[in-house]
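Take a look at the structure below.
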Amino acid sequence: MEWKDIIPVLAGGLVILVVALVVKPALLAEPVTGPGPTKPVYVPPTPVPAATPFPEDGPAYTRNFRWTAIDGGVHTTEVRVPEALFSKHRETPRFDLLAWGRYALAEEDRPILKDLACRIAPPTGNPEAEYFRLMNVIFFVQQIPYACDDSTDSYTEGVLPRYALHRGAEAEYPRYPTEMLVDGRGDCEDSAILMAGLLDALGYDTVLLKYPGHMVLGIQMDEFNPYYAKYTPKYFDYGGKRYYHVEGTDFAWVNVSPGSTARLGKPLPIGDTGSTTGTPEIIPLRYIPAPAEYRIRPARLPAGGA
Amino acid sequence: MNLKKHLKLPKINVDRRDALVAVLAAAAVISIAFCGWTLFVDYTETSRVAEFSRHVAASEADLFLLSGDISSHMRSRPGRPSIAECDAWMRELGALADYGRGLTSYHRQIIAADVVPEAYTGAQSAYTRALDNLNRAFSLWSSAAGAYDTKAYSAANNNLAGADRAWKDYITAISDYDRELRRAEEGGEG
C-alpha cells in the first residue's frame, strides 16, 4: 500500500468529522460552544426577627386620663408608655395615607392598648353589655382634647416632630396611638387611629373613613338602628361588610354656666355624622395589596414534540 | 482558421447500451439525492419542532409548579392578620415574583433561540410574547412588594394595577399562541 492509497481515506475521515462537528450542528442550530442561561431557583424571603419588647422598668411617660362614661360616671386611669417606644414612633417617617392602619395596629402599642381598653371597657359575660363597652371606648377617645397638627402645643416636646408632613401652610402628623396618649391631645385622624387601635384590641372590626379635611372611624356592625336615635345612622359598605360612621373628636362641649370653666359634654353616638358630609375614602386597617390576576394558563404543546 | 485542424478532440465511441446505462445511473443518483435531501429536510424540521416542543414543555412544567405555589399563597391570605403577618405575606409574594421573573426570563431566552420551521414562527413569537408579559407582571409584583415594604401602599396598588394589565396581555398572547400553533399544525397536515 502506498501513500496515495491512504490519503483519500484520511480525507474522507476528515470530511466526516467536519460534517459531524460543524455542518450538522450548524444546520440543526445545536449550540457548539458557550454556556446557556442559568435556571433560577426559588429563594424564600428572609424572616424578619421579632421586635425586642420595650423594658417594663425603663423610663416611661405616665399620663392620667379622666372621662365620663356612658352611664354618666366619671372614671380615671393612668397610662404608662416607655420613653423608648415614644421616641421610636417619633423617629419613624410617616406613611402613605393608605397605610395609616399600620399606626392603629402597631405591634409595640398593642399591649398598652389592650390593657387600657380592658380598663375602659372591662370584659363582661353579658352580651347586652357589649354595646356599653363599645360606647365607653368611643366616649373615652372623644373626650381627649382636640389640637391641630400644626400647633406646637399639640406635642409633648413643644415643637413639631421631625417627620411632620408640610402641606402648604399646614402641617399633618398622624400619630401612633401611644403618641396621642403621651401628647394627651390630637386631631381627627389621631382620634380615629387611637379608637381603631383600642377597638381592634377588643376584637372589633374597624376601618378609617377619610373625608375631605376630616377623618373618622368606621365600625363594622350588622345592623344598627336604635329606636331612640333621632337621626338616620350613616354607614358605608366595604368588602361585603357594613361600617358605621363614628366621630372621634366632635364631642359637643358646653360650659356648665357662663364664665365657668367647668364643661359638660354631649358625645356623638354611632352613625351620627354631625356636620360631616360627603362620601369618605375607606382605609382598611389590615391592608394587603394583592393582584387580581394571578392564574397561569396552561399552553398546548406542539404536536410531535417530546 | 480551422479549429478541427488545431484541436484534437478525443473520439468518443458510445453505443446505445452504454448511454442508456449512464442516463439510468444519473437518474438514480439524482433520485437518491432528492429523496435523501427531502428526508434530511423533513428530519430537520421534525427535530426542530420537537426541540421547540421540549422547550415549551419545560417552560410549562415550571410555570405549572409556580402557578400552584402562587394559588396556594393567594389562598393563604389570613382573615384578620397582624401587621407582621401582612408584611410576611407581602414578602412571600415578592419572593414568588422574583422567582417568576427569573423563570420567565430563562425560558424566554431558550425558546427565542429555537430555530423553528417557518410555519411555527408565529407560535414561537406568541409564546415568547406571553413569557415577556408574564415577566413584566412579575416585575411589577416585585416592585409592588418593594413599595409595600416602604409603606408606599398607593405605589404598590399602582404597580399591581399595571401587573394586572400585563397579565391580561399574557392571556391574550397565550390565546394567540394556541391559534398560531393550530394553524401551523393544520398547515403541516394539509
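Placing a pseudo-label 7 Å from each Cα along the Cα-to-Cβ vector at residue A:48 and residue B:115 gives an inter-label distance of 5.2 nm. The phi-based Karplus calculation (6.51 cos²θ - 1.76 cosθ + 1.60; θ = phi - 60°) puts the 3J(HN,Hα) values of the stretch A:103-117 at 5, 5, 9, 3, 4, 5, 7, 3, x, 5, 5, 5, 5, 5, 4 Hz, whole numbers, x for Gly and Pro. Between residue B:23 and residue B:77, residue separation times 0.36 nm minus the direct Cα-Cα distance comes to 11.4 nm. Measuring between alpha carbons in the structure, the pairs from A:88/A:234; A:114/A:230; A:114/B:151; A:234/B:168; A:230/B:151; A:210/A:230 lying more than 30 angstrom apart are A:88/A:234; A:114/A:230; A:234/B:168; A:230/B:151.
Here each label is just a point 7 Å from Cα along the line to Cβ, and for residue A:151 and residue B:69 those points are 5.5 nm apart.
Amide H contacts of residue A:238 (H built 1.01 Å from N, in plane; Pro and chain starts excluded): A:243 sit under 5 Å, all sequence-distant by 5 or more or on other chains.
Under 1.5 on a/c is rounded, so check that first for the stretch A:85-284, then, if it is not, pick prolate when a/b is larger than b/c and oblate when it is not; a ≥ b ≥ c are the square roots of the alpha carbon gyration tensor eigenvalues. Rounded, since a/c falls under 1.5. Here residue B:57 and residue A:23 are evaluated by their C-beta separation; at R0 = 25 Å the FRET efficiency comes out at 0.30. Evaluating 6.51 cos²θ - 1.76 cosθ + 1.60 at θ = phi - 60° for every residue in the stretch A:174-185, the Karplus couplings come out as x, 9, 5, x, 6, 5, 5, 5, 6, 5, x, 6 Hz, glycine and proline recorded as x.
Label-to-label distance, residue A:97 versus residue A:131, with points set 7 angstrom from Cα along the beta-carbon direction: 3.4 nm.
Phi angles of the stretch A:199-214 translate, via the Karplus equation with coefficients 6.51, -1.76, 1.60 and θ = phi - 60°, into HN-Hα couplings of 6, 5, 5, 8, x, 7, 9, 10, 9, 9, 10, 9, 8, x, x, 8 Hz per residue; Gly and Pro are given as x.
Taking R0 as 35 Å, what's the FRET efficiency between residue A:166 and residue A:279 from their Cβ-Cβ distance, rounded to 0.05? Efficiency, from the Cβ-Cβ distance: 0.80.
Amide H contacts under 5 Å for residue A:171: A:150, restricted to partners 5 or more places along the chain or on a different chain, H placed in the peptide plane at 1.01 Å from N. Determine, from the Cβ-Cβ distance of residue B:149 and residue A:230 and an R0 of 41 Å, the FRET efficiency 1/(1 + (r/R0)^6), rounded to the nearest 0.05. FRET efficiency, residue B:149 to residue A:230: 0.30.
List the chymotrypsin sites (Phe, Trp or Tyr not before Pro) within the stretch B:19-55 that DSSP assigns to loop and that have no more than 12 neighbouring Cβ atoms inside 10 Å. Display every interim value, and only then the final one.
Working: sites: B:34, B:37, B:40, B:43, B:52; in loops: none.
When the chymotrypsin sites (Phe, Trp or Tyr not before Pro) of the stretch B:19-55 are filtered for loop state and at most 12 Cβ neighbours within 10 Å, nothing remains.
Each reported figure results from applying straightforward, stated rules to the coordinates on display, with no laboratory input. Please read these numbers as outputs of a predicted model, since none were measured by experiment. Virtual Cβ from ideal backbone geometry, glycine too; neighbours counted across all protein chains shown.
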